[in-house]
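Asks: Pasting a structure here, questions to come.
The values are calculated or read from the model by the stated rules, or taken from the named source; none is laboratory data. These figures come from a predicted structure and were not determined experimentally. As a convention, Cβ positions derive from the backbone with ideal geometry for all residues, glycine included, and neighbour counts pool all protein chains shown. Remember, those area values only see protein heavy atoms, side chains included, never the ligands or the DNA or RNA. Shrake-Rupley method; radii C 1.70, N 1.55, O 1.52, S 1.80 Å.
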Amino acid sequence: LLPTASAMAMIRHILLASLSVLAVSAFTPSTLSAYNLGLSLRSRSTSLRPSTGRIVMKSGGSCPISFFSKLGGDGEKDKPKVSLFSKSAGGDGEKEKTKDVPSMQQTYMQGPMTTGSHGPLSETELAEAKAELDAILAKGFRAPVRSFMDDPKTKWRFGEAPNYDLANLLFLKGKTKNHAEGSLEQIVEDLVKTWEMEASHKTDVNQWETITEDWTIGANGWKMFGKEESASVGNYNTLSWGVDKEVWDTSMSWDETHDVMHEAFPAFPWEVLEVFSGPPRVMFSWRHWAHFTGEYKGNKGQGQLVEMYGMGLAEVSEDLKLKTVEIFYKPEEFFAVLEGKKEASEIAGGKSLVGPGCPFIK
């Protein structure tokens, strides 16, 4: 059962007191915990993850997981090939690729896991990814929970529910936060990831369980899209609508935009950094990242880490469905790195969001 309106208020006050921020809400007090709020969201799906043996940190605690070796990112052509597996599938990977490449590994095409190779991944590479993910989860780490994937009537873009093993692996290996179990950050992160899954894979918007009927989304004060139109043009176009056409052409189709990004990265993980206010208006900061192992507009990556930071403002209903989502970020600088016009280090660590930090008075 979903929490009542009165239950939501107490959750908000408890969470925001711990975060030392002020939230605006008209809910009346009750005593439901934030943990149960998280469970209420997840209980709408039968694909729950085990809750035992997880590593729990204080909400917002910074804890990068150092599974990657130092990849390097200066773009030097004489650098060795970089693989995002702990143990590479081997060389250029061509010998181990099979003719029957799986199509449901998150999306129908994955980019290269090793610089100089090309996606999609082979059966062998996917098996390696699954084994490595299982080993990480066995240490107590938590994979994201994406709900609403079990309804047999769902109309899936590629014929069946997606498999997120590869995306979860790269998320766990590259994230910078371990949010406390049941925290508002964890709940927001799972909700957004569930919405992204629905937007990418459910072709019938009436089957999207994460949004209200009048839901809208947009970025940077540009056009706000309703559910039908955003589903048609795709997330990349929706959130890049105001970017110069020479940088990002929004006339590309849903498939074309995804092809472009999949040529560059094996996956494009996303995490919540901090949540500053609770329901019904949730303000949060976020980070997107990927290792540039592929190619973008003729520019070949060298495995360097490319990061994108931004803010989000989401209004949610009492049953935690998204009503309005506004994203704020600088996509032009991210695309400049992919085109080879900027170094990845120039926007690393959120520099594009907060600036270089140079003192005004020397």
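Asks: Out of all the residues in segment 325-357, which are surrounded by 16 or more Cβ atoms within 10 Å (Cβ to Cβ), of a type outside the set (A, V, I, L, M, F, W, C) and within 18 Å of the chain's Cα centre (by Cα)?
Replies: Within segment 325-357, Glu326, Tyr329, Lys330, Pro331 meet the criteria.
Asks: Within segment 291-318, how many residues turn out to be of a type in the set (Ser, Thr, Tyr) and open to solvent by 10 Å² or more (accessible area, probe 1.4 Å)?
Replies: So the count comes out to 2.
Asks: Has segment 322-343 got at least one residue that is over 30 Å from Asn206 (Cα atoms), in contact (Cβ under 8 Å) with a residue 12 or more places away in the chain and polar (S, T, N, Q)?
Replies: Within segment 322-343 (the criterion being over 30 Å from Asn206 (Cα atoms), in contact (Cβ under 8 Å) with a residue 12 or more places away in the chain and polar (S, T, N, Q)), the answer is no, since none of the residues qualifies.
Asks: Report, by residue number, each residue of segment 127-140 that is open to solvent by less than 40 Å² (accessible area, probe 1.4 Å), assigned to a helix (DSSP H, G or I) and closer than 21 Å to Lys193 by Cα.
Replies: Going residue by residue through segment 127-140, those that are open to solvent by less than 40 Å² (accessible area, probe 1.4 Å) are 129, 132-133, 136, 140.
Right, trim to assigned to a helix (DSSP H, G or I) and you get 129, 132-133, 136.
Within segment 127-140, Ala129, Leu133, Ile136 meet the criteria.
Asks: Let me ask something additional. Scanning for something touching a residue at least 40 places away in the same chain (Cβ under 8 Å), on the phi < 0 side of the Ramachandran plot and out of contact with any Leu (no Cβ under 6 Å at 6 or more places or on another chain), does segment 233-241 turn up at least one residue?
Replies: Step one: of segment 233-241, the residues touching a residue at least 40 places away in the same chain (Cβ under 8 Å) are 239-240.
Filter once more, so that each one left must be on the phi < 0 side of the Ramachandran plot: 239-240.
Those still in the list that are out of contact with any Leu (no Cβ under 6 Å at 6 or more places or on another chain) too: 239-240.
Yes, there is a match, as at least one residue in segment 233-241 is touching a residue at least 40 places away in the same chain (Cβ under 8 Å), on the phi < 0 side of the Ramachandran plot and out of contact with any Leu (no Cβ under 6 Å at 6 or more places or on another chain).
Yes/no per residue for (1) open to solvent by less than 10 Å² (accessible area, probe 1.4 Å); (2) of a type in the set (S, T, N, Q); (3) within 14 Å of the chain's Cα centre (by Cα):
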| position | (1), (2), (3) |
| --- | --- |
| Lys177 | no, no, yes |
| Ala180 | no, no, no |
| Glu189 | no, no, yes |
| His201 | yes, no, no |
| Tyr236 | no, no, yes |
| Trp248 | yes, no, no |
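Asks: Now for a different question. Please indicate, with yes or no, whether at least one residue in segment 159-175 is crowded, with 20+ Cβ neighbours inside 10 Å and under 19 Å from Gly312 (Cα atoms).
Replies: The answer is yes, given that some residue of segment 159-175 is crowded, with 20+ Cβ neighbours inside 10 Å and under 19 Å from Gly312 (Cα atoms).
Asks: Six or more apart or on different chains, Cβ under 9 Å: which pairs go from a residue in segment 195-216 that's under 17 Å from Gly159 (Cβ atoms) to one that's of a type in the set (A, V, I, L, M) and open to solvent by less than 30 Å² (accessible area, probe 1.4 Å)? Could you list them?
Replies: Listed by first residue and then by second, the contacts come to Glu198/Val205; Glu198/Ile211; Lys202/Ala231; Thr203/Ala231; Asp204/Ala231.
Asks: Do we have Ala143 as without any contact (Cβ under 8 Å) to a residue 60 or more places away in the chain, outside any helix (DSSP H, G or I) and open to solvent by less than 50 Å² (accessible area, probe 1.4 Å) here?
Replies: No.
Asks: Go through segment 257-284 and give me each residue that's open to solvent by 40 Å² or more (accessible area, probe 1.4 Å) and within 19 Å of Gly174 (Cβ to Cβ). Spell out how you get there, then give the answer.
Replies: Pass one, segment 257-284, residues open to solvent by 40 Å² or more (accessible area, probe 1.4 Å): 259-260, 263, 268, 274, 276, 281, 283.
Residues satisfying the conditions are Phe268, Glu274.
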